[in-house]
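Have a look at the structure below before the remarks.
The values are calculated or read from the model by the stated rules, or taken from the named source; none is laboratory data. As the structure is a prediction and not an experimental result, all values here were calculated from the model. Note: ideal-geometry Cβ built from the backbone for every residue, glycine included; neighbour counts use all protein chains shown. Only protein heavy atoms, including side chains, enter the accessible area calculation; ligands, DNA and RNA are left aside. Shrake-Rupley method; radii C 1.70, N 1.55, O 1.52, S 1.80 Å.
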Protein chains: 2
Amino acid sequence: MPENHYHRFFELFATPLRIEIIKQLKDNGSMNVTQICQALGEEQSKVSHNLKRLLMCNIVRVNQRGNFRYYELNKDTILPLLQLIDRHVETWCKECQLERRRKWV
Amino acid sequence: MPENHYHRFFELFATPLRIEIIKQLKDNGSMNVTQICQALGEEQSKVSHNLKRLLMCNIVRVNQRGNFRYYELNKDTILPLLQLIDRHVETWCKECQLERRRKWV
DNA sequence: CAGGCATATGAATCAGAAATCATATAGTGT
DNA sequence: ACACTATATGATTTCTGATTCATATGCCTG
């Protein structure tokens, strides 16, 4: 990835649904699409579309068993990444306005 | 930041301009707005708007000298973060389609 | 091979964030 | 106080990516 495409990578983590999917996989190991849908109360095609994005850059892997496709997190790189963010946020974003979205005042 | 706001953080790195700004600050240490604008050939208000987003979550800091506001990167957390991404990309995204945006096939 | 799941895909629409542009604020030197 | 520069802000428009919905593909079982 040329340096100027960093943002494409971060983009993958920049939506709530994909983050939720990642959390599910982090907690539960390996899940098929239906399981993810149920766990999140989200629609199948929506989840599939988003899994595709995650798959694209090896944030998740997939392996098929019969009719099902089991997705799992690429923990090697993703877990440390999330940890790093946690640390930053812990130290620097204590009262930062990440949550309140009304306006970026 | 509650866990479910991760994406707000990543969002900050998910645009080419902000990445360019970050790279400038990484390379040049401390720059005022005009310098950044010139370095990137971008418009002032555009840059200011984006710096604001970065400032919000301590990705950059600012300190004022006279009429100028000098921005610098919060290297402690941001550099390791970028490094981590580099590693992931190096290992996993060698021939992944991050750059070609036509379609996510 | 037919029927039924599980999942993927494509096209159209929708939403939200970035760019734009006009204007405001704030510091500086006279 | 005035003119000037540097930067910030707000409102509007523009774009891009996410959602939606309809449909396709693929596997499995009788």
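Equivalent ellipsoid semi-axes for region A:3-74, as square roots of 5 times the alpha carbon gyration tensor eigenvalues: give them largest first, rounded to whole Å.
21, 13, 11
Starting from a label point 7 Å past Cα on the Cβ side, list the distances from A:R53 to the same position in the other copies, nm, shortest first.
1.4
Any idea of the total accessible area buried by the A-B contact, 1.4 Å probe, rounded to 100 Å²?
Heavy-atom accessible area buried at this interface is about 4600 Å².
For B:Q38, place a label point 7 Å from Cα along the Cα-to-Cβ direction in every copy; what are the distances to the other copies, in nm, shortest first?
6.3
Solvent-accessible area of B:D76, probe 1.4 Å, all protein chains present, reported in Å² to the nearest ten, please.
That residue has around 110 Å² of solvent-accessible surface.
Using a 7 Å offset from Cα along the direction of the beta-carbon, what are the separations from A:R65 to the same position in each other copy, nm, ascending?
A:R65 label point versus its equivalents elsewhere: 6.2 nm.
In region A:1-67, which GluC sites (Glu not before Pro) fall in coil by DSSP and have 11 or fewer other Cβ atoms within 10 Å?
Sites meeting the loop and neighbour criteria: A:E43.
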